[in-house]
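Here is the structure we will look at.
The values are calculated or read from the model by the stated rules, or taken from the named source; none is laboratory data. Predicted model only: the values in this text are computed from it and were never measured. Reconstructed Cβ throughout: ideal geometry from the backbone, glycine too, with neighbour counts over all protein chains shown. The protein model used for the area step is the full one, side chains on, heavy atoms only, and it has no ligands, DNA or RNA in it. Shrake-Rupley method; radii C 1.70, N 1.55, O 1.52, S 1.80 Å.
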Amino acid sequence: MRNYESIYIIHPEVAGEELTAMVEKFQGILTEQGAEVYNLDNWGVRKLAYPINKVERGCYVQTLFSAEPQVIAEYERRMRLDEKVLRFLTVKLDGDFPAIEAAEAAEEAEVVEEVSAEEEE
């Protein structure tokens, strides 16, 4: 399986439970097909760099996952069909996820600090 990062922008009028349902729907599309979702991050509503269909703001959602290449075709096809998705981009990542590596490194540093603090006592 390969590692991917997907960012999509949802229309700003979609909010609350409807937004949560949409994010879960796209996550479900991935898990249905055997993908493994590692991180799902809702960045909230932000100003777009340029208007898309006369809309100037959008809700950004980032997903980090591992999947087979054929999963991406179905995932993007379903995004294209949903009118509430303004834009999306899925890219293949080389190696491991940078954010996950940073979190693991921070955990290791924290454990080392705790051990050294216990040794000093």
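Things worth noting here:
- Residues of the stretch 29-62 that turn out to be free of Cβ contacts under 8 Å to residues at least 12 places away in the same chain and closer than 16 Å to THR90 by Cβ, as a count: 1
- Here VAL91 fulfils each of the conditions (1) over 24 Å from GLU13 (Cβ atoms); (2) at pLDDT 90 or above; (3) not in a strand (DSSP E or B) apart from (3).
- Reported count of residues in the stretch 66-80, each being under 11 Å from GLN33 (Cα atoms), in contact with a helix residue (DSSP H, G or I) (Cβ under 9 Å, 6 or more places away or on another chain) and not in a strand (DSSP E or B), is 3.
- Checked against the criterion of being modelled with pLDDT under 90 and over 21 Å from the mean Cα position of the chain (by Cα), the candidates GLU101, GLU110, GLU56 yield just one match: GLU110.
- Every residue from the stretch 20-51 that is surrounded by fewer than 14 Cβ atoms within 10 Å (Cβ to Cβ), of a type in the set (A, V, I, L, M, F, W, C) and more than 13 Å from the chain's Cα centre (by Cα): ALA21, ALA49
- The single condition among (1) open to solvent by 50 Å² or more (accessible area, probe 1.4 Å); (2) of a type in the set (Phe, Trp, Tyr); (3) out of contact with any strand residue (DSSP E or B) (no Cβ under 6 Å at 6 or more places or on another chain) that TYR75 does not satisfy is (1).
- If the condition is being loosely packed, with under 14 Cβ neighbours inside 10 Å and either hydrophobic (A, V, I, L, M, F, W, C) or modelled with pLDDT of 90 or more (or both), then the stretch 1-16 contributes MET1, GLU13, ALA15.
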